[in-house]
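Undergrad: Got a structure for you, written out below as structure tokens; questions coming shortly.
The values are calculated or read from the model by the stated rules, or taken from the named source; none is laboratory data. Here the structure is a predicted model, which means the values were calculated and not measured. Cβ atoms come from the backbone with ideal geometry, glycine included; neighbour counts cover every protein chain shown. With ligands, DNA and RNA removed, areas are computed over all heavy atoms of the protein, side chains included. Shrake-Rupley method; radii C 1.70, N 1.55, O 1.52, S 1.80 Å.
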Amino acid sequence: EALGSMGNDAALAVLSEKPRQVNDYFKQLFAQVTNPPIDPIREEIVMSLVCPVGPERNLLSEPGPSHCERLNVRHPVLTLEEMNALKGKYIKPDGSVGFSTHVIDCTFPAGSGPDGMIH
């Protein structure tokens, strides 16, 4: 049985308005069968959980000190200590502020239910 790839965007034979061969009705596409979870531990060669934080500079411009003003967080789950370090202002060696952060409160009282999320 032939398997299609994730890049195959042809309409399914059942949904097609054009006549199709009988065997097209029995073809299964890979993404319809299974979508395995991403496993960063076993697939560390081809994927990374590193999250760059800060402004991204133009890759085509001449490299300079401004290209180094990004933090690379090793994983998206932070400890309280790491979160407090990110919330603080980044001070450059020359004493100027590199970038600053702002905390957005996304909480609401649990007793207010779904209406509490709206207000």
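Undergrad: If DNA, RNA and ligands are ignored and the probe is 1.4 Å, what is the ranking of 50, 73, 14 by accessible area, most exposed first? It would help to have the intermediate numbers written out before the result.
TA: Numbers: 50 70, 73 25, 14 110 Å².
Largest accessible area first, the residues go 14, 50, 73.
Undergrad: For the pair residue 53/residue 115, report the inter-label distance in nm, with labels modelled 7 Å from Cα in the Cβ direction.
TA: Reported label-point gap for residue 53 and residue 115 is 3.7 nm.
Undergrad: What part of the accessible area of segment 55-116, given as a whole %, is carbon or sulfur when the probe is 1.4 angstrom? Mind showing how you got there, number by number?
TA: Numbers: 3150 of 5350 Å².
Exposed carbon and sulfur together represent 59 percent of the surface.
Undergrad: If you don't mind, there's one more thing I want to ask. What order do 75, 102, 119 take when sorted by accessible area (1.4 Å probe), most exposed first? It would help to have the intermediate numbers written out before the result.
TA: Values: 75 75, 102 155, 119 180 Å².
Ranked list, largest accessible area first: 119, 102, 75.
Undergrad: Counting only the heavy atoms of the protein chains, how much of residue 87 is accessible to a 1.4 Å probe, in Å² to the nearest 10?
TA: Solvent-accessible area, nearest 10 Å²: 100 Å².
Undergrad: Once the Cβ-Cβ distance between residue 41 and residue 101 is put in as r, and R0 is 41 Å, what FRET efficiency do you end up with, to the nearest 0.05?
TA: Numbers: r = 30 Å, r/R0 = 0.73.
That pair, residue 41 with residue 101, gives E of 0.85.
Undergrad: Can you give the convex hull volume of the alpha carbon atoms of segment 65-119 per residue, in Å³? Walk me through the numbers on the way to the answer.
TA: Details: hull volume 7.7 nm³, N = 55.
Per residue, the Cα convex hull of segment 65-119 comes to 139 Å³.
Undergrad: So what does residue 57 come to for accessible area, using a 1.4 Å probe and Å² rounded to 10?
TA: Around 90 Å² of this residue is reachable by solvent.
Undergrad: So how many Å³ per residue does the convex hull of the Cα atoms of segment 52-97 work out to?
TA: Values: hull volume 4.1 nm³, N = 46.
Given the Cα convex hull of segment 52-97, per-residue volume reads 89 Å³.
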